Amino acid sequence: YKAKRERHSVQRYFPALSEEAAQRLALQQQLRAALQQGSLELHFQPIVSLETGRPSKVEALTRWMLEGQGFISPLRFLPLAEESDLILQLGTWVLQKAVRQLAEWRREFPDLQMSVNVSPRQFAMPDFAALVAETLSRHGVSPEALILEITENALTAEEAFDLYAELQRRGLQLAVDDVGTGYSNLALLCRAPAQLLKIDRSLTEGLCGASGRHSTQALVRALVVLAHERGMQVVAEGVEGTAQVEQLRALGCDAYQGYLASMPLPAGEMTSYLRAGRAANPSSERRN
Ligand code: C2E
Ligand code: MG
Ligand code: MG
Ligand code: MG
């Protein structure tokens, strides 16, 4: 009797579930097609040094424009990609596209670094380190110029520490992304094999907010001390106002990223942005 009742409730619930599943599947197929047709794009957002005021790095962010629907947020399509091997193809495409662009920019801006987001599943690829190395050498880019961003939760998963160590041996830089969003494990964060720590926008926003301002400042100050102790630089994400910049400077942050400096831009517009940044502050470009 009980089994029968359960069967009924399942039947009533099933149509709604399958409709949602069908939608996800359709979007997943459209994403696969977009990847194959080359209709995905990369946009780039500058990371500005608080010391020099100049953009020293850019982060590559994937953009998907779907006809009739405008831009679809990565926060919506990435989880779909992560359900299948699509994330591996997407990740490889991003890597190749970003490194090719980096090679071009470094001819004009020799110190520029490129930051690329990497999904945890990419690290599980057996040949990931080799793929990265091969991509860099094909474009003649030195490994120090590429930063791989990994979210805090993934980076502090100890299983992958060996791979991170190998990537670092090959000269790549690693960044812990979105610090402060997950359940930060400070002990693991301290040992995270990374050169960069990126403080999430939720914390940056709280720096000048109406409530919790002082506790957020204390938290960011502690993260900066911890990072510097471990030889890591600190980047604050999601900076939208000049007051935040002053706060971040006072707290000892090294760099910031956010709409205040620039929205993520297509490559051509980012080239103009980088040229303008150099023109505004030519002294730090002089070598010798
Ligand atoms: P993220 O790596 O933390 O990237 C920063 C996100 O914050 C970007 O969102 C960026 O557009 C947004 N942002 C930057 N400055 C500001 C600001 O001042 N205010 C506000 N409100 N937002 C700002 P986006 O491009 O939508 O990407 C969302 C997330 O999707 C990224 O977060 C990253 O985790 C992921 N993602 C994007 N592209 C890729 C990719 O190619 N591969 C992988 N694995 N993940 C990606
Ligand atoms: Mg990122
Ligand atoms: Mg981030
Ligand atoms: Mg973030």
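Computed from the coordinates by the stated procedures, all read-outs in this text should not be read as laboratory data. No experiment lies behind these values; they were computed from the predicted model shown. Note: ideal-geometry Cβ built from the backbone for every residue, glycine included; neighbour counts use all protein chains shown.
Compared with the dominant principal axis of the Cα atoms in the chain, helix 86-108 is inclined by about 20°.
Mean-square fluctuation check for the chain, GNM, Cα pairs under 10 Å: which of Ala21, Ala243, Ala103 is largest? In the Gaussian network model the winner is Ala21.
On full extension, the segment bounded by Arg278 and Asp127 gains 50.6 nm, given 0.36 nm per residue less the C-alpha separation. The Glu229 and Glu51 beta-carbon pair, evaluated with R₀ = 30 Å, returns a calculated FRET efficiency of approximately 0.95.
Note that region 137-146 has calculated 3J(HN,Hα) couplings of 6, 4, 9, x, 9, 6, x, 4, 7, 10 Hz, one per residue in order, obtained from phi through the Karplus relation 6.51 cos²θ - 1.76 cosθ + 1.60 (θ = phi - 60°); glycine and proline are x.
Between the alpha-carbon centres of region 140-204 and region 47-96 there is a gap of 17 Å. The HN-Hα couplings worked out from phi for region 166-171 by the Karplus form 6.51 cos²θ - 1.76 cosθ + 1.60 (θ = phi - 60°) are 5, 4, 5, 4, 6, x Hz, whole numbers, x standing for Gly and Pro. With axes computed from alpha carbons, what is the tilt in degrees of helix 267-280 against the longest principal axis of the chain, rounded to the nearest 10 within 0 to 90? Its long axis makes an angle of about 20 degrees.
Residue by residue, region 63-78 carries 3J(HN,Hα) couplings of 10, 10, 9, 10, 3, x, 10, x, 6, 9, 5, x, 5, 8, 8, 5 Hz when phi is fed to the Karplus relation 6.51 cos²θ - 1.76 cosθ + 1.60 (θ = phi - 60°); x denotes Gly or Pro.
Taking the C-alpha atoms only, the angle from helix 2-37 to the longest principal axis of the chain is near 40 degrees. Helices in the chain, meaning DSSP H runs of at least 4 residues, each add -39500 (n - 2.57). Divided by all residues, the mean residue ellipticity at 222 nm is -16000 deg cm²/dmol. Looking at region 102-211, the chymotrypsin sites (Phe, Trp or Tyr not before Pro) that sit in a DSSP loop and have at most 13 other Cβ atoms within 10 Å of their own Cβ are Tyr183. For the chain, the square roots a ≥ b ≥ c of the C-alpha gyration tensor eigenvalues yield an a/c of 1.5 or more together with a/b exceeding b/c, which makes the shape prolate. Once the Cβ-Cβ distance of Arg191 and Glu83 is raised to the sixth power relative to R0 = 41 Å, the FRET efficiency obtained is 0.85.
Relative to the current alpha-carbon distance between Glu269 and Glu104, full extension at 0.36 nm per residue lengthens the span by 58.0 nm.
Proximity of backbone amide H atoms, modeled 1.01 Å from N, is registered between Lys57 and Ile47, Gln113 at under 5 Å, excluding neighbours fewer than 5 places apart on the same chain.
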